[in-house]
Amino acid sequence: MHSPSELLKRIEQSINEIRYPTYPASLYEPISYIMSLGGKRIRPTMLLMVVDLFNGDIAAAIPAALAIETFHNFTLVHDDIMDNAPLRRGQQTVHERWGANTAILSGDVMMVEANKHLTRVDVDILKPALDAFNATAQGVCEGQQLDMEFETRNDVRIPEYIDMIRLKTAVLLGGAMKLGAIVSKASHEHADLIYQFGENLGIAFQLQDDILDVYGDPLKFGKQVGGDIISDKKTYLRLKLQELATDETLTVLTQMSTDRDQSVKVTRVTSLYDQYSIREQAEEMMKEYLDKAFKAIDKIDVDTVRKAELISIAHQLMNREY
(Lines give C-alpha, C1' and ligand atoms only; values in the text may rest on other atoms or scores of the structure.)
Protein backbone atom coordinates (compact mmCIF):
# COMPACT_ATOMS: atom_id res chain seq x y z
CA MET A 1 0.00 0.00 0.00
CA HIS A 2 1.02 3.60 -0.55
CA SER A 3 1.35 6.23 2.16
CA PRO A 4 -0.87 9.36 1.94
CA SER A 5 2.24 11.46 1.24
CA GLU A 6 3.16 9.21 -1.71
CA LEU A 7 -0.36 9.52 -3.12
CA LEU A 8 -0.34 13.28 -2.64
CA LYS A 9 2.94 13.44 -4.56
CA ARG A 10 1.34 11.49 -7.43
CA ILE A 11 -1.56 13.94 -7.50
CA GLU A 12 0.67 17.01 -7.50
CA GLN A 13 2.79 15.52 -10.28
CA SER A 14 -0.31 14.75 -12.34
CA ILE A 15 -1.67 18.28 -11.85
CA ASN A 16 1.66 19.74 -12.95
CA GLU A 17 1.54 17.59 -16.09
CA ILE A 18 -1.85 18.92 -17.23
CA ARG A 19 -1.56 21.01 -20.37
CA TYR A 20 -4.46 23.34 -21.06
CA PRO A 21 -5.02 25.01 -24.44
CA THR A 22 -3.12 28.25 -24.90
CA TYR A 23 -5.82 30.10 -26.85
CA PRO A 24 -7.54 32.18 -25.71
CA ALA A 25 -4.92 32.63 -23.00
CA SER A 26 -7.17 34.74 -20.78
CA LEU A 27 -9.62 31.82 -20.51
CA TYR A 28 -7.09 29.14 -19.61
CA GLU A 29 -4.50 31.05 -17.57
CA PRO A 30 -6.93 31.43 -14.64
CA ILE A 31 -7.42 27.65 -14.60
CA SER A 32 -3.68 26.97 -14.43
CA TYR A 33 -3.44 29.66 -11.77
CA ILE A 34 -6.10 28.32 -9.39
CA MET A 35 -4.93 24.72 -9.84
CA SER A 36 -1.36 25.75 -8.97
CA LEU A 37 -2.27 27.48 -5.69
CA GLY A 38 -1.99 24.21 -3.81
CA GLY A 39 -4.28 23.28 -0.98
CA LYS A 40 -4.40 20.09 1.01
CA ARG A 41 -5.74 17.97 -1.90
CA ILE A 42 -7.66 15.95 0.72
CA ARG A 43 -10.37 14.68 -1.62
CA PRO A 44 -8.20 13.27 -4.42
CA THR A 45 -5.78 11.84 -1.86
CA MET A 46 -8.57 10.02 -0.05
CA LEU A 47 -9.95 8.85 -3.40
CA LEU A 48 -6.60 7.17 -4.12
CA MET A 49 -6.46 5.79 -0.58
CA VAL A 50 -9.79 4.07 -1.25
CA VAL A 51 -8.34 2.62 -4.46
CA ASP A 52 -5.49 1.26 -2.36
CA LEU A 53 -7.98 -0.08 0.17
CA PHE A 54 -9.65 -2.19 -2.53
CA ASN A 55 -6.40 -3.22 -4.28
CA GLY A 56 -7.15 -1.07 -7.30
CA ASP A 57 -4.76 0.39 -9.87
CA ILE A 58 -3.56 3.82 -8.69
CA ALA A 59 -2.49 4.89 -12.18
CA ALA A 60 -5.92 4.03 -13.59
CA ALA A 61 -7.56 6.10 -10.85
CA ILE A 62 -5.57 9.30 -11.44
CA PRO A 63 -8.12 10.68 -13.97
CA ALA A 64 -10.89 10.38 -11.36
CA ALA A 65 -8.71 12.11 -8.77
CA LEU A 66 -8.00 14.95 -11.22
CA ALA A 67 -11.72 15.23 -12.01
CA ILE A 68 -12.55 15.66 -8.33
CA GLU A 69 -9.79 18.20 -7.68
CA THR A 70 -10.64 20.19 -10.80
CA PHE A 71 -14.31 20.28 -9.84
CA HIS A 72 -13.45 21.33 -6.29
CA ASN A 73 -11.35 24.24 -7.57
CA PHE A 74 -14.13 25.19 -10.00
CA THR A 75 -16.48 25.59 -7.03
CA LEU A 76 -13.88 27.77 -5.27
CA VAL A 77 -13.67 30.11 -8.27
CA HIS A 78 -17.43 30.60 -8.33
CA ASP A 79 -17.77 30.72 -4.53
CA ASP A 80 -15.19 33.52 -4.41
CA ILE A 81 -17.23 35.52 -6.91
CA MET A 82 -20.42 35.04 -4.88
CA ASP A 83 -18.62 35.94 -1.64
CA ASN A 84 -16.69 38.80 -3.26
CA ALA A 85 -13.58 37.31 -1.65
CA PRO A 86 -10.28 39.08 -2.42
CA LEU A 87 -7.95 36.23 -1.44
CA ARG A 88 -7.76 32.46 -1.88
CA ARG A 89 -4.90 30.57 -0.23
CA GLY A 90 -3.17 33.88 0.41
CA GLN A 91 -3.25 34.93 -3.26
CA GLN A 92 -5.57 37.06 -5.37
CA THR A 93 -8.79 35.31 -6.30
CA VAL A 94 -9.42 34.66 -9.98
CA HIS A 95 -12.15 37.28 -10.29
CA GLU A 96 -9.94 39.91 -8.63
CA ARG A 97 -7.11 39.23 -11.07
CA TRP A 98 -9.02 38.64 -14.32
CA GLY A 99 -12.50 40.06 -13.64
CA ALA A 100 -15.78 38.38 -12.74
CA ASN A 101 -16.89 37.59 -16.29
CA THR A 102 -13.66 35.76 -17.14
CA ALA A 103 -13.75 33.98 -13.77
CA ILE A 104 -17.26 32.70 -14.53
CA LEU A 105 -16.23 31.42 -17.96
CA SER A 106 -13.00 29.87 -16.69
CA GLY A 107 -14.96 28.15 -13.95
CA ASP A 108 -17.40 26.80 -16.53
CA VAL A 109 -14.50 25.40 -18.56
CA MET A 110 -13.11 23.77 -15.41
CA MET A 111 -16.34 21.79 -15.13
CA VAL A 112 -15.79 20.66 -18.73
CA GLU A 113 -12.17 19.77 -17.94
CA ALA A 114 -13.30 17.75 -14.92
CA ASN A 115 -15.59 15.69 -17.14
CA LYS A 116 -12.80 15.25 -19.70
CA HIS A 117 -10.56 13.83 -16.97
CA LEU A 118 -13.27 11.42 -15.88
CA THR A 119 -13.84 10.05 -19.38
CA ARG A 120 -10.30 8.64 -19.23
CA VAL A 121 -11.29 5.95 -16.70
CA ASP A 122 -11.83 2.38 -17.89
CA VAL A 123 -14.80 2.29 -20.23
CA ASP A 124 -16.47 -0.57 -18.34
CA ILE A 125 -16.93 1.62 -15.24
CA LEU A 126 -17.41 4.95 -17.04
CA LYS A 127 -21.19 5.14 -16.59
CA PRO A 128 -21.26 4.47 -12.83
CA ALA A 129 -18.28 6.83 -12.44
CA LEU A 130 -20.11 9.59 -14.33
CA ASP A 131 -23.30 8.92 -12.39
CA ALA A 132 -21.47 9.23 -9.07
CA PHE A 133 -19.58 12.34 -10.19
CA ASN A 134 -22.69 14.09 -11.52
CA ALA A 135 -24.71 13.31 -8.40
CA THR A 136 -21.86 14.75 -6.32
CA ALA A 137 -21.55 17.89 -8.44
CA GLN A 138 -25.29 18.52 -8.40
CA GLY A 139 -25.41 18.05 -4.63
CA VAL A 140 -22.65 20.61 -4.07
CA CYS A 141 -24.55 23.19 -6.15
CA GLU A 142 -27.75 22.46 -4.22
CA GLY A 143 -25.89 22.97 -0.95
CA GLN A 144 -24.46 26.29 -2.09
CA GLN A 145 -27.92 27.50 -3.08
CA LEU A 146 -29.36 26.51 0.30
CA ASP A 147 -26.49 28.28 2.07
CA MET A 148 -27.29 31.49 0.19
CA GLU A 149 -31.01 31.16 0.94
CA PHE A 150 -30.29 30.71 4.65
CA GLU A 151 -28.71 34.18 4.74
CA THR A 152 -32.13 35.81 4.35
CA ARG A 153 -34.17 33.34 6.40
CA ASN A 154 -34.86 33.61 10.11
CA ASP A 155 -36.61 30.24 10.43
CA VAL A 156 -33.74 27.85 9.57
CA ARG A 157 -33.79 24.72 11.72
CA ILE A 158 -30.92 22.43 12.65
CA PRO A 159 -32.00 19.49 10.42
CA GLU A 160 -32.02 21.88 7.45
CA TYR A 161 -28.57 23.13 8.38
CA ILE A 162 -27.20 19.59 8.65
CA ASP A 163 -28.62 18.79 5.23
CA MET A 164 -27.08 21.96 3.79
CA ILE A 165 -23.57 21.16 5.05
CA ARG A 166 -24.05 17.56 3.92
CA LEU A 167 -24.68 18.79 0.38
CA LYS A 168 -22.27 21.72 0.27
CA THR A 169 -19.31 20.02 1.96
CA ALA A 170 -19.76 16.37 2.82
CA VAL A 171 -21.06 14.89 -0.44
CA LEU A 172 -17.85 15.93 -2.22
CA LEU A 173 -15.73 13.91 0.20
CA GLY A 174 -18.18 11.01 0.11
CA GLY A 175 -18.44 11.21 -3.68
CA ALA A 176 -14.66 11.26 -4.09
CA MET A 177 -14.34 8.13 -1.98
CA LYS A 178 -17.17 6.39 -3.80
CA LEU A 179 -15.42 7.17 -7.09
CA GLY A 180 -12.32 5.52 -5.65
CA ALA A 181 -14.36 2.39 -4.96
CA ILE A 182 -15.92 2.44 -8.43
CA VAL A 183 -12.65 2.79 -10.34
CA SER A 184 -11.12 0.00 -8.26
CA LYS A 185 -14.18 -2.13 -9.13
CA ALA A 186 -15.28 -2.72 -5.55
CA SER A 187 -18.75 -4.10 -4.87
CA HIS A 188 -21.80 -1.82 -4.80
CA GLU A 189 -22.13 -2.52 -1.07
CA HIS A 190 -18.56 -1.45 -0.38
CA ALA A 191 -18.94 1.63 -2.59
CA ASP A 192 -22.01 2.67 -0.59
CA LEU A 193 -20.30 2.05 2.75
CA ILE A 194 -17.20 4.06 1.84
CA TYR A 195 -19.52 6.85 0.65
CA GLN A 196 -21.24 6.81 4.05
CA PHE A 197 -17.84 6.97 5.72
CA GLY A 198 -16.84 10.02 3.70
CA GLU A 199 -20.15 11.83 3.96
CA ASN A 200 -20.47 11.44 7.73
CA LEU A 201 -16.83 12.38 8.20
CA GLY A 202 -17.49 15.50 6.12
CA ILE A 203 -20.45 16.51 8.27
CA ALA A 204 -18.43 15.96 11.45
CA PHE A 205 -15.59 18.02 9.99
CA GLN A 206 -17.89 20.96 9.21
CA LEU A 207 -19.44 20.83 12.68
CA GLN A 208 -15.94 20.94 14.11
CA ASP A 209 -15.26 23.94 11.86
CA ASP A 210 -18.25 25.72 13.42
CA ILE A 211 -16.84 25.05 16.89
CA LEU A 212 -13.31 26.10 15.98
CA ASP A 213 -14.59 29.36 14.52
CA VAL A 214 -15.60 30.36 18.03
CA TYR A 215 -13.23 28.46 20.30
CA GLY A 216 -10.18 27.80 18.11
CA ASP A 217 -6.68 29.17 18.38
CA PRO A 218 -6.38 31.51 15.34
CA LEU A 219 -2.74 30.52 14.83
CA LYS A 220 -3.67 26.83 14.64
CA PHE A 221 -7.11 27.22 13.04
CA GLY A 222 -5.81 29.39 10.21
CA LYS A 223 -8.87 31.65 10.17
CA GLN A 224 -10.22 34.64 12.04
CA VAL A 225 -11.84 33.33 15.22
CA GLY A 226 -15.36 34.67 15.60
CA GLY A 227 -15.80 35.30 11.89
CA ASP A 228 -19.13 33.47 11.81
CA ILE A 229 -20.40 35.53 14.74
CA ILE A 230 -19.32 38.80 13.12
CA SER A 231 -21.14 37.94 9.89
CA ASP A 232 -24.21 36.52 11.71
CA LYS A 233 -23.75 33.25 9.86
CA LYS A 234 -26.24 30.52 10.67
CA THR A 235 -24.01 27.79 12.06
CA TYR A 236 -24.96 24.85 14.25
CA LEU A 237 -23.97 26.84 17.34
CA ARG A 238 -26.08 29.84 16.39
CA LEU A 239 -29.13 27.73 15.53
CA LYS A 240 -28.83 25.68 18.73
CA LEU A 241 -28.70 28.87 20.78
CA GLN A 242 -31.81 30.18 19.03
CA GLU A 243 -33.52 26.86 19.73
CA LEU A 244 -32.75 26.89 23.47
CA ALA A 245 -32.65 30.57 24.39
CA THR A 246 -35.35 32.51 26.18
CA ASP A 247 -37.25 35.26 24.39
CA GLU A 248 -35.25 37.81 26.35
CA THR A 249 -31.96 36.27 25.20
CA LEU A 250 -33.19 36.13 21.61
CA THR A 251 -34.01 39.83 21.77
CA VAL A 252 -30.48 40.55 22.99
CA LEU A 253 -29.06 38.35 20.24
CA THR A 254 -31.04 40.24 17.59
CA GLN A 255 -29.81 43.56 18.93
CA MET A 256 -26.23 42.33 18.69
CA SER A 257 -26.55 41.95 14.91
CA THR A 258 -26.19 45.71 14.59
CA ASP A 259 -23.28 45.99 17.02
CA ARG A 260 -20.42 47.72 15.22
CA ASP A 261 -17.80 46.75 17.78
CA GLN A 262 -16.87 43.33 16.42
CA SER A 263 -14.74 42.23 19.37
CA VAL A 264 -17.52 43.06 21.83
CA LYS A 265 -20.03 41.22 19.67
CA VAL A 266 -17.86 38.09 19.55
CA THR A 267 -17.33 38.17 23.33
CA ARG A 268 -21.04 38.63 24.10
CA VAL A 269 -22.28 35.93 21.74
CA THR A 270 -19.59 33.52 22.97
CA SER A 271 -20.73 34.16 26.54
CA LEU A 272 -24.27 33.18 25.50
CA TYR A 273 -22.91 29.97 23.96
CA ASP A 274 -21.17 29.25 27.26
CA GLN A 275 -24.31 30.01 29.25
CA TYR A 276 -26.36 27.48 27.28
CA SER A 277 -23.55 24.88 26.95
CA ILE A 278 -23.74 25.16 23.18
CA ARG A 279 -20.16 24.06 22.58
CA GLU A 280 -20.70 20.78 24.43
CA GLN A 281 -23.88 20.06 22.45
CA ALA A 282 -22.14 20.84 19.17
CA GLU A 283 -19.29 18.51 20.10
CA GLU A 284 -21.80 15.78 20.93
CA MET A 285 -23.44 16.16 17.52
CA MET A 286 -20.02 16.13 15.86
CA LYS A 287 -19.15 12.88 17.65
CA GLU A 288 -22.42 11.29 16.54
CA TYR A 289 -21.54 11.80 12.87
CA LEU A 290 -17.97 10.69 13.44
CA ASP A 291 -19.30 7.49 15.03
CA LYS A 292 -21.52 6.93 11.99
CA ALA A 293 -18.47 7.29 9.76
CA PHE A 294 -16.43 4.72 11.70
CA LYS A 295 -19.37 2.29 11.87
CA ALA A 296 -19.64 2.43 8.08
CA ILE A 297 -15.98 1.68 7.44
CA ASP A 298 -16.06 -1.05 10.08
CA LYS A 299 -18.67 -2.90 7.98
CA ILE A 300 -16.37 -3.03 4.95
CA ASP A 301 -15.12 -6.58 4.58
CA VAL A 302 -11.44 -5.74 4.15
CA ASP A 303 -8.52 -6.57 6.42
CA THR A 304 -8.30 -4.08 9.28
CA VAL A 305 -4.69 -3.29 8.46
CA ARG A 306 -5.78 -2.03 5.03
CA LYS A 307 -8.25 0.35 6.66
CA ALA A 308 -5.69 1.76 9.07
CA GLU A 309 -4.45 4.65 6.89
CA LEU A 310 -7.96 5.89 6.13
CA ILE A 311 -8.94 5.72 9.79
CA SER A 312 -5.72 7.50 10.73
CA ILE A 313 -6.40 10.31 8.24
CA ALA A 314 -9.93 10.68 9.61
CA HIS A 315 -8.55 11.07 13.13
CA GLN A 316 -6.01 13.63 11.89
CA LEU A 317 -8.75 15.66 10.21
CA MET A 318 -10.77 15.64 13.42
CA ASN A 319 -7.88 16.36 15.77
CA ARG A 320 -7.44 20.03 14.90
CA GLU A 321 -6.59 21.92 18.08
CA TYR A 322 -8.78 24.49 19.82
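Please verify whether Ala204 is among the aliphatic types (A, V, I, L, M) and touching a Lys or Arg at 6+ places or on another chain (Cβ under 6 Å), treating the condition exactly as stated. Don't jump to the end; show me each part of the working.
Working: among the aliphatic types (A, V, I, L, M): yes; touching a Lys or Arg at 6+ places or on another chain (Cβ under 6 Å): no.
No; evaluated as a whole, the condition is false for this residue.
Are any residues in the range 284-321 part of a loop (DSSP other than H, G, I, E, B) and exposed (fewer than 12 other Cβ atoms within 10 Å of the Cβ), and if so, which ones?
As a first pass, look at the range 284-321 and keep what is part of a loop (DSSP other than H, G, I, E, B): 299-303, 318-321.
Across the range 284-321, the qualifying residues are Asp301, Asp303, Asn319, Glu321.
What residue, among those in the range 113-132 that are part of a helix (DSSP H, G or I) and among the acidic types (Asp, Glu), is nearest to Leu27 (Cα to Cα)? Lay out the reasoning, then the answer.
Step one: list which residues in the range 113-132 are part of a helix (DSSP H, G or I), which gives 113-118, 123-132.
Right, trim to among the acidic types (Asp, Glu) and you get 113, 124, 131.
Details: Glu113: 13, Asp124: 33, Asp131: 28 Å.
Residue satisfying both the conditions and the ranking: Glu113.
State whether the residues of the range 169-188 include one that is surrounded by fewer than 23 Cβ atoms within 10 Å (Cβ to Cβ), within 26 Å of Asp210 (Cα to Cα), touching an Asp or Glu at 6+ places or on another chain (Cβ under 6 Å) and modelled with pLDDT of 95 or more.
Taking every residue of the range 169-188 in turn, none turns out to be surrounded by fewer than 23 Cβ atoms within 10 Å (Cβ to Cβ), within 26 Å of Asp210 (Cα to Cα), touching an Asp or Glu at 6+ places or on another chain (Cβ under 6 Å) and modelled with pLDDT of 95 or more.
I'd like the full set of residues that are surrounded by 13 or more Cβ atoms within 10 Å (Cβ to Cβ), under 26 Å from Ile58 (Cβ atoms) and without any contact (Cβ under 8 Å) to a residue 24 or more places away in the chain, limited to the range 121-168.
Result: Leu126, Leu130, Asn134.
Quick grid of which residues meet (1) among the polar types (S, T, N, Q); (2) under 21 Å from the mean Cα position of the chain (by Cα); (3) surrounded by 14 or more Cβ atoms within 10 Å (Cβ to Cβ); (4) more than 25 Å from Asn84 (Cα to Cα):
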residue	(1), (2), (3), (4)
Thr235	yes, yes, yes, no
Thr246	yes, no, no, yes
Arg260	no, no, no, no
Ser263	yes, no, no, no
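What pairs come out if I take residues in the range 39-68 that are on the phi > 0 side of the Ramachandran plot and pair them with residues that are surrounded by 24 or more Cβ atoms within 10 Å (Cβ to Cβ) and outside any helix (DSSP H, G or I) whose C-beta lies under 9 Å away, six or more apart or interchain?
Filtered contacts from the range 39-68: Asn55/Ser184.
Can you name every residue in the range 7-39 that is within 25 Å of the chain's Cα centre (by Cα), at pLDDT 95 or above and hydrophobic (A, V, I, L, M, F, W, C)?
Across the range 7-39, the qualifying residues are Leu7, Leu8, Ile11, Ile15, Ile18, Ile31, Ile34, Met35.
The values are calculated or read from the model by the stated rules, or taken from the named source; none is laboratory data. Here the structure is a predicted model, which means the values were calculated and not measured. Neighbour counts run over all protein chains shown; Cβ positions are idealised from the backbone, glycine included.
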